[in-house]
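The values are calculated or read from the model by the stated rules, or taken from the named source; none is laboratory data. All values derive from a computational prediction rather than experimental measurement. Glycine also receives a Cβ, built like all others from the backbone with ideal geometry; neighbour counts cover every protein chain displayed.
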Amino acid sequence: METTVTLSQARALIQTLASDQSILLLSPPGVGKSEVISQAAQDSGLPLRSLLGTQIAPEDVSGIPRIVGERSVFCPPRVLLPENPEPFCLFLDELPATSPDVQKAFYSLLLERRLGEHSLPRGTWVVAAGNRTEDRALVRSMSSALVNRVCILNVRVDTKEWLFWAQENEIRPEIIAFILFMPEALARPVPSAPVPFSTPRSWTLLSRALDRVESEGLLRPEILAALAFGRVTASDAAVFCAMIDQSITDLRPVVDYLKAPSILPQQDTARWFILNRIRILVATDQFPDLPPQTVHKFLMAVPEEHRFSLFVGLVEKWGKLGADEAMLASLREAVGLP
């Protein structure tokens, strides 16, 4: 079983371990690995120096030789060994995408903090990041020798963490409201085709684009749709645009309505969004883990016509959630039985 950490946990582990153990963060694209490494270094007062794995050759790591007397001496690159012998954070981006020769060049750097006969300044961090093989992101197989030289942390998306970050970083309120309502839309699996898909990065960039377009007076429905469909998963973009079009921007997490049906909006469109969302959760076996009495109370608080729309085609699934009594009561209401 793969164990994962959140971005905040990864940041704490980097700050604790990276001075003497090399760390490799793995995750799908767009999760925020690069930013959390940069933030960890900044919080610890370390300058950040980056190498992009897909754009370096072995000599960019080991250095090039020059003749000193009767011997050759390798001169390491400045980015890896600056003249100022102060500690820094060395960020090896896209490490899993590097060629086998480059991976070999990193061996002594990752394990011994050494470049040939030169050692990194004491206290220097070595932190790498990359995508997984299943993410279809030009990842190569990592050698066992490389894997054994790093502490691999698999990073997951944590919706609560991102929402807190989003509020602190001026992400548009309608995007925050949408992710609150549909948390799974924050990060979708990498699609097999080269099409836009939802990630924390893509939602952030969509927010920035909407800010820029709005400031120029260009934000219209067709522009909103073009930007949304150009950044995030098509199904998420469609629902997001529909919510904006209907001015539904104050929705709460679905579980809030299930626990307190009295807060369901009176506006028909907004109520339809919520009930349709509940149907999808039931149909896809993603309904929140709630006591049967809570499920029953919610269903009985919903008007009869809406209740039947929730049940259609999903009777068996609702039964597993403890809705038998509510379904029986609905049937009695429909046929006029006492």
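Results for (1) of a type in the set (A, V, I, L, M, F, W, C); (2) farther than 24 Å from Leu180 by Cα; (3) touching a His at 6+ places or on another chain (Cβ under 9 Å), shown as yes or no for each residue.
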residue	(1), (2), (3)
Cys241	yes, no, no
Pro265	no, no, no
Asn276	no, no, no
Gln293	no, yes, no
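With the structure loaded, tell me whether Leu275 is within 22 Å of the chain's Cα centre (by Cα), among the hydrophobic types (A, V, I, L, M, F, W, C) and in the same structural domain as Lys320 (by TED's automatic domain parsing) or whether it fails that test. Criteria not met by Leu275.
I'm trying to understand the selection: among the residues of region 1-37, which are among the charged types (D, E, K, R) and either surrounded by fewer than 17 Cβ atoms within 10 Å (Cβ to Cβ) or modelled with pLDDT under 95 (or both)? Residues satisfying the conditions are Glu2, Asp20, Lys33, Glu35. Residue-level check: of (1) of a type in the set (Val, Ile, Thr); (2) modelled with pLDDT under 80; (3) assigned to a helix (DSSP H, G or I), Ile280 misses just (2). The number of residues in region 1-24 that are assigned to a helix (DSSP H, G or I) and among the hydrophobic types (A, V, I, L, M, F, W, C) comes to 6. The single condition among (1) free of Cβ contacts under 8 Å to residues at least 40 places away in the same chain; (2) under 21 Å from Gln246 (Cα atoms); (3) part of a helix (DSSP H, G or I); (4) touching a helix residue (DSSP H, G or I) at 6+ places or on another chain (Cβ under 7 Å) that Ile171 does not satisfy is (3).
Tallying residues that are in a helix (DSSP H, G or I), buried (at least 21 other Cβ atoms within 10 Å of the Cβ) and without any contact (Cβ under 8 Å) to a residue 60 or more places away in the chain within region 176-203 yields 3. Surrounded by 18 or more Cβ atoms within 10 Å (Cβ to Cβ) and within 20 Å of Gln9 (Cβ to Cβ) - does that describe any residue in region 141-151? Yes: region 141-151 contains one or more residues that are surrounded by 18 or more Cβ atoms within 10 Å (Cβ to Cβ) and within 20 Å of Gln9 (Cβ to Cβ). Here Gly45 fulfils each of the conditions (1) within 22 Å of Gly130 (Cβ to Cβ); (2) modelled with pLDDT of 90 or more apart from (1).
From the list Leu219, Leu224, the one residue that fits, being assigned by TED's automatic domain parsing to the domain that holds Trp203, more than 22 Å from the chain's Cα centre (by Cα) and assigned to a loop (DSSP other than H, G, I, E, B), is Leu219.
Within 30 Å of Leu163 (Cα to Cα), of a type in the set (S, T, N, Q) and modelled with pLDDT under 95: is that true of Ser50 in this structure? Criteria met by Ser50. Filtering region 53-97 to residues that are at pLDDT 70 or above, among the polar types (S, T, N, Q) and assigned to a helix (DSSP H, G or I) leaves Thr54, Gln55. Scanning region 99-133 for residues that are part of a helix (DSSP H, G or I) and hydroxyl-bearing (Ser, Thr, Tyr) yields Tyr107, Ser108, Thr133.
When Ala301 is tested against (1) farther than 17 Å from Ile179 by Cα; (2) in contact with a helix residue (DSSP H, G or I) (Cβ under 8 Å, 6 or more places away or on another chain); (3) assigned by TED's automatic domain parsing to the domain that holds Trp203, just one condition goes unmet, and that condition is (3). The sole residue among Val239, Val213 that is over 19 Å from Val31 (Cβ atoms) and in contact (Cβ under 8 Å) with a residue 60 or more places away in the chain is Val239.
Residues of region 281-334 that are over 15 Å from Val255 (Cβ atoms) and of a type in the set (Val, Ile, Thr): Thr284, Val302, Val312, Val315.
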